[in-house]
Amino acid sequence: MRFLLLLPLTLLLMALSVGYSVALWKGLGTLLSEAKFFVYVGLGSVCYFGFLLLLRVFHRSIGFAHTFCHELNHAVFNVLFLNRIRSFNAHAEEGGDVEFYGRANPLICLAPYSVPLFALIALSVKLFALPSAYPVIEGFVGFFVLFHLHSFFKEARPYQTDLQRYGVLFSYAVILFMNVVLISWVVISAALGFAAGWEFLKSGIFEIWDIWNKSRGAL
């Protein structure tokens, strides 16, 4: 029954993901022409790979950081939805959990796979920083975008309890949409400014509207 109730929303999220993917593809030429502005974001991404290599050299794992960020996402979205945190646990080997008082919802459950939390925090610093600090901030954005994607590809498995709670199909639809929109917006906003990020968000809406009109015409 829940599957049938969530099916329309699942299809809508898939359509939104297509719209924003088309917008990103159509804007690729413009983004490539502005490639010089993405240098520091790219360097931050490269630094993440270097960081992983350094951990391997010293026989350390990034597992605890991934687990901590996973549970922190749950905790942050619980707070945003006015739930009260009862306990917070994160372990490198044993995983982690967040217990809370209140009601769960898809955003709370799927936030760790959908929201590049640290990259958003780094980007928000740009609102208050001096221009001379922008390269460092952009580097951190690139670093944490890769951190999020690495964690996502390791954790977003169909057997995860978080994904099974609302159905795997719906969960992946949410995750796909959130990642396409948020990661694109974060990277564009970091490199080209918040105005460019806002234009990307608007272009996605226009593409969705255009796809809808073409679909109606075809029918």
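The values are calculated or read from the model by the stated rules, or taken from the named source; none is laboratory data. All of these numbers come straight from a predicted model, not from anything done at the bench. Glycine also receives a Cβ, built like all others from the backbone with ideal geometry; neighbour counts cover every protein chain displayed.
Going through Val174, Val168, Val136 one at a time, which residue ends up being closer than 30 Å to Ser33 by Cβ and of a type in the set (Val, Ile, Thr)?
Numbers: Val174 fails: closer than 30 Å to Ser33 by Cβ; Val168 fails: closer than 30 Å to Ser33 by Cβ.
It is Val136.
Any residue at all in region 51-71 that is farther than 23 Å from Leu117 by Cα and in contact with a Phe, Trp or Tyr (Cβ under 9 Å, 6 or more places away or on another chain)? Checked region 51-71: no residue is farther than 23 Å from Leu117 by Cα and in contact with a Phe, Trp or Tyr (Cβ under 9 Å, 6 or more places away or on another chain).
Which residues, counting only those in region 112-139, are part of a helix (DSSP H, G or I) and buried (at least 23 other Cβ atoms within 10 Å of the Cβ)?
Looking only at region 112-139, we keep the residues that are part of a helix (DSSP H, G or I), and these are 112-114, 117-125, 131-139.
Once the filter is applied, which keeps residues that are part of a helix (DSSP H, G or I) and buried (at least 23 other Cβ atoms within 10 Å of the Cβ), region 112-139 yields Pro112, Tyr113, Ser114, Ala119, Ala122, Leu123, Glu138.
In this structure, does Ile205 turn out to be at pLDDT 95 or above and either under 19 Å from the mean Cα position of the chain (by Cα) or not aliphatic (A, V, I, L, M) (or both)? Taking the combined requirement at face value, the residue does not satisfy it. Residue-level check: of (1) touching a Lys or Arg at 6+ places or on another chain (Cβ under 6 Å); (2) outside any helix (DSSP H, G or I); (3) of a type in the set (A, V, I, L, M, F, W, C), Ile85 misses just (1). Within region 35-59, the residues that satisfy the criterion of being in contact with a helix residue (DSSP H, G or I) (Cβ under 9 Å, 6 or more places away or on another chain) and not aliphatic (A, V, I, L, M) are Phe37, Phe38, Tyr40, Gly42, Gly44, Ser45, Cys47, Tyr48, Phe49, Phe51.
Scanning region 57-88 for residues that are small (Gly, Ala, Ser) and modelled with pLDDT under 90 yields Ser61, Gly63, Ser87. Assess whether Val98 counts as being surrounded by 11 or more Cβ atoms within 10 Å (Cβ to Cβ) and assigned to a helix (DSSP H, G or I). No: the conditions fail for Val98. Within region 181-199, residues that are closer than 17 Å to Pro131 by Cα have Cβ atoms under 7 Å from residues that are surrounded by fewer than 18 Cβ atoms within 10 Å (Cβ to Cβ) in these pairs: Ala191/Phe37; Leu192/Glu34; Leu192/Phe37, counting only partners at least 6 apart in sequence or on another chain. Could you list all residues from region 32-89 that are loosely packed, with under 15 Cβ neighbours inside 10 Å and of a type in the set (Gly, Ala, Ser)? Within region 32-89, Ser33, Ala35, Gly50, Ser61, Ser87 qualify.
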